[in-house]
Structure formats: structure tokens, C-alpha cells
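Asker: Below you'll find the structure I mean.
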Amino acid sequence: MTGDVYQDFFTELSDEHLSGVTYKNLLLKKKIVRYLDHKGKTTINHISKSLNISAPKTNALLQELIDIGLVKDYGKMETGVGRKPQLFGLISDSIYFLGVNVREHHVDVGLINFNEDLICIEKNIPYELENTESSLLRLCTLINTFIDRETAWKDKIVRIEINLSGRVNHQTGYSHNYFNFHDEPLNRIIRQKTGITTFIENDTRAKAFGEFHLNRIKNRDNILYVNADYGIGLGVMIDNNLHYGKSGYSGEFGHIPFFNNEIICRCGKKGCLETEASGRALVQSFREKLQSGSTSGLQHQYTLKDIKMSHIIEAALQDDMLAIELIGAIGAKLGKAVSTLIHLYNPELILFGGALASTGDHFFLPLQMSVNKYSINLVKNDTELKLSEFGDEAGVWGSCLLAKNRLLNT
Ligand SMILES: [Zn+2]
């Protein structure tokens, strides 16, 4: 599966070098592939009628897709009367999509095939995320090592999607918080290092996309995903599509000026939701409580400055009273902010993921009580609140599926 015809299919439609005819044919081929992806195996007649492409043209385009190994003739239909037409469908293992979820201290990598079967997932690969050239190079090396590992997928990965925290513009390919030291967009730099078309996405949004998939949420409108972690992120799904806003920065829930305090947020502003209701705020308040005389099992294990969010989460799960109390307080504050979301969106479902949500009822019960207290009953009544069951895996799934989406959708 090499050569120009094969490469042509994977060219971005936005590529300015495409001629008019090539562009139109590529558009039609993507339409056909999308249709087969949605419908499964089907006949030329069905494709032609549904997509409003003449039968001879459909036939010719299908032949091109067969030639590059994406589509197969699956033989004659087994049911029906009269002349039995041929069935055409996608080949599951013809291409693969690589998803990379970058965290502060590790990376998760996943691979799906054309049929969205999970082929491989590797979690917790050690990695230190820093805004440096060497950290970026280490990420590219890690990706290349994964790609080169198996001959089964080595030359068949057609898209890479990378989740990064902070402000990310998936359309321009620029990341504004990490790896922002080149003039060129980050996705193009990673493409040069891996040889594969790459996209970047905000980690919460990708996780939201993964959650919607893993929870089998289909045909439901107005779904929100709150990533309650070190920072607070929000993914919004409206009419089955992720909501991006004009420049891709929608969902900055954590930076709504919710508190009238003097705490400087990591964004540079004062009083953001994250300053009092986030994993970062949890660590801060935990240290302050210990300093002012409260006790916790953690003070015998770590010095004050070494206590991390993960230690407090773990302590809460081991019944540490101070950890439980402070996580509950954060759940209550976040619940009040979530009632704002309910009033704004009147959502069907709000999913809660991230490290804080992993403490279960310690976080979720105070949050629910607060939502009940601050939301207008009529607006809130149809909103289901649910804890995520998938953790970081949702991030990997989200990135793999978005990679596929980028290829098929225009
Ligand atoms: Zn902020």
C-alpha cells in the first residue's frame, strides 16, 4: 500500500496544493469511506443513491479505494431475490490510529484499527512533561519506539492524536502552554519527527470524547464532562459534536472568577474556580491545615512540601480524616460552580472524571448536595450526574477516536 494514490487519500483536504479535480475526488472518496464506516457492508447502488453520486462514478471511486487496500469486495449478498449485488466494506486492519495521552509524569498510548477495535494500550509509560525541547524530543522518541515495535502496524498508522493540558488550538496545531517555543505549529514539528500526520487536542476535551464513547452515549444532546483533577477542565458535547468555540479554547471552566479572594491562579488572574476548588487547591489547603495544627497520617511519611495531590487522594481512600474533609470541601465548592453549568446548558448528563472524582463518595456526595442546594429544581431535574468509571483510559480512547475523526470528517 504505497505510492501516490495511497498517499493522496491521506492528504488533508485543506492542502492548498490539491488541484480542483483531485480535491473533488478526494472529497467523494472520504464520503464513501465515511458511509461504509457508518453503514458497514453495502452495495454500489446504496452508496450511489445515498450519496447522490452516479453509479459509474461510485464504481470507479470504489475501485480506487480497493486499489489502495482500504475497501474490499465481500462477495454477493446472501439474502433477497433476483440478481444478487456485490457487497463492499472497509478492511478493519488496513489502517491504524495512534492516540497519545500526555500527563505530568507519564504517558498513555493506544492504538485502534479502522473498525475502532483497541489493538494495543500501554499505560503509565514513565515520562516527565516539561516545557523544554528535550521533553518534546523524548515524547517523539517514545512515540517512534511504539510505532516501530510491531511490523503489523508500523507502516499503517495514518494519524496521530496527542492530548496535552492547557490551551490547544487543534485547527492551527499550536499549543500555548507546552512546547510553545517554535514558530511552526507543534503538530507540524511532531509530524516531521514521526513522519505521520499529527493533531493535538486539549486533554479534557479528548477525555470527554473518550468518555462519551466508552459510556456508549449516542444520540443524546447536551452532555458535559468535568475533569476534576489538578486543574478543572470542561468538555462540552452539543448535538453529538464537541464544542470548541471560535479558537478552540471553550471550556475554561476552571478559570471562571468564582471567588472574591486574593489567590493568584496559574493563569495569572485572581479568584478563579481553580484557586479554591481543584487538586491544586487541595494540596495547598492540606499543607496549610497541617501547618496550623491539624493532623494526618501523611505528615509522618512526607515533608510538607513533598505532599502531592496523589498522596492526599490515596490517603482519603485509606480513611484519612483530613484528606476526606478537604476533598469533601472541594466537592461542595465545585458543586456550586456546577449548578452554574446546569443553569447555562440544561444538560442531560454531567460526567465527572479526574483524580478528585476517583475518591468516589468523598468527593461526589458533597458535590451532589451542593448542586441540589444551588440549582433551580426545574432546570436540574432532568440532569443526571455520574462519576466516570474509566479514568485515564478515556483520554487514550478519546485521542484514538479523534484521530480517526480527523481523517474521515471534513
Ligand atoms: Zn485561572
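Asker: Local charge sum around Leu234 (other residues, Cβ-Cβ under 10 Å, Lys/Arg +1, Asp/Glu -1)?
Answerer: Charge balance in the 10 Å sphere: 0.
Asker: Taking the Cα centre of the chain as origin, sum charge times position over the Cβ atoms of Lys and Arg (+1) and Asp and Glu (-1), and report the length of that vector in debye to the nearest 20. Kindly include the intermediate steps, with their values, before the conclusion.
Answerer: Working: 45 positive and 48 negative charges, 252 e Å.
Around 1220 debye, computed over the chain.
Asker: Please compare each pair in Lys207/Lys333; Lys39/Lys246; Lys207/Lys289; Lys49/Lys76; Lys39/Lys404 to a cut-off of 21 Å on the Cα-Cα distance and tell me which ones are over it.
Answerer: Long pairs (Cα-Cα over 21 Å): Lys207/Lys333; Lys39/Lys246; Lys207/Lys289.
Asker: OK, next. Which angle from 0 to 90°, rounded to the nearest 10, does the C-alpha axis of helix 203-214 make with the longest principal axis of the chain?
Answerer: Taking the Cα atoms of the chain, the angle to 203-214 is about 70 degrees.
Asker: Further question on the same structure: Let me check I've understood the local charge: for Leu137, count other residues with C-beta under 13 angstrom from its C-beta, Lys and Arg +1, Asp and Glu -1. What total comes out?
Answerer: Working: positive: Arg138, Lys193; negative: Glu128, Glu130, Glu133.
Computed value for this residue: -1.
Asker: Stretched out fully, how many nm does the piece from Lys193 to His300 gain, at 0.36 nm a residue minus the Cα gap?
Answerer: Details: separation 107, 0.36 × 107 = 38.52 nm, distance 4.58 nm.
Gain on extension, Lys193 to His300, equals 33.9 nm.
Asker: Indicate, rounded to the nearest 5 percent, the antiparallel portion of the DSSP beta bridges found entirely in the chain.
Answerer: Close to 60 percent.
Asker: What's the exposure ranking of Arg138, Arg149, Arg103, Arg205, going from fewest to most Cβ atoms within 10 Å?
Answerer: Placing the least packed residue first, the sequence is Arg149, Arg138, Arg103, Arg205.
Asker: In the stretch 202-279, which GluC sites (Glu not before Pro) fall in coil by DSSP and have 15 or fewer other Cβ atoms within 10 Å?
Answerer: Sparse-neighbourhood loop GluC sites (Glu not before Pro): Glu262.
Asker: Which one of Tyr230, Gln284, Val371 has its Cα pushed farthest toward the positive end of the charge dipole of the chain, where Lys and Arg give +1 and Asp and Glu give -1 at the Cβ?
Answerer: Value: Val371.
Asker: Further question on the same structure: How far apart, in nm, are the 7 Å Cα→Cβ label points at Ala329 and Asn240?
Answerer: It is 4.6 nm.
Asker: Find how many whole Å separate the alpha carbon centroid of the stretch 34-61 from the alpha carbon centroid of the stretch 232-273.
Answerer: Each part's Cα centre sits 43 Å from the other's.
Asker: On a full-extension model of 0.36 nm per residue, what is the gain between Asp382 and Thr22, subtracting their alpha-carbon distance, rounded to one decimal in nm? Don't skip to the end; give the middle numbers.
Answerer: On the way: separation 360, 0.36 × 360 = 129.60 nm, distance 4.84 nm.
Extending this stretch completely gives an extra 124.8 nm.
Asker: Next up: First select every other residue whose beta carbon is under 15 angstrom from the beta carbon of Ala332; then total the charges, Lys and Arg +1, Asp and Glu -1. Intermediate results must be reported in sequence, preceding the final value.
Answerer: Details: positive: Lys333, Lys336, Lys373; negative: Glu276, Glu325, Asp361.
In short, 0.
Asker: Also: With a ≥ b ≥ c taken as the square roots of the eigenvalues of the C-alpha gyration tensor of the stretch 296-410, please select rounded if a/c is under 1.5 and otherwise prolate if a/b is larger than b/c or oblate if it is not?
Answerer: Oblate.
Asker: Suppose every K and R has +1 on its Cβ and every D and E has -1 on its Cβ; what is the size of the dipole of the stretch 218-388 about the Cα centre, in Debye to the nearest 20?
Answerer: So the magnitude is around 380 debye.
Asker: Here's a follow-up. In the stretch 52-181, with Lys and Arg counted as +1 and Asp and Glu as -1 at Cβ, which of these residues, Gly82, Tyr127, Ile160, has the Cα nearest the positive end of the dipole, that is, farthest along it?
Answerer: Result: Gly82.
Asker: Please give the length that would be gained between Arg34 and Gln318 if that part of the chain were fully extended, namely 0.36 nm times their separation in residues minus their C-alpha to C-alpha distance (nm, one decimal).
Answerer: Gain on stretching Arg34 to Gln318: 97.4 nm.
Computed from the coordinates by the stated procedures, all read-outs in this text should not be read as laboratory data. Model, not experiment: these values are computed from the prediction. Neighbour counts are summed over all protein chains in view; Cβ atoms, including those assigned to glycine, are modelled from backbone coordinates with ideal geometry.
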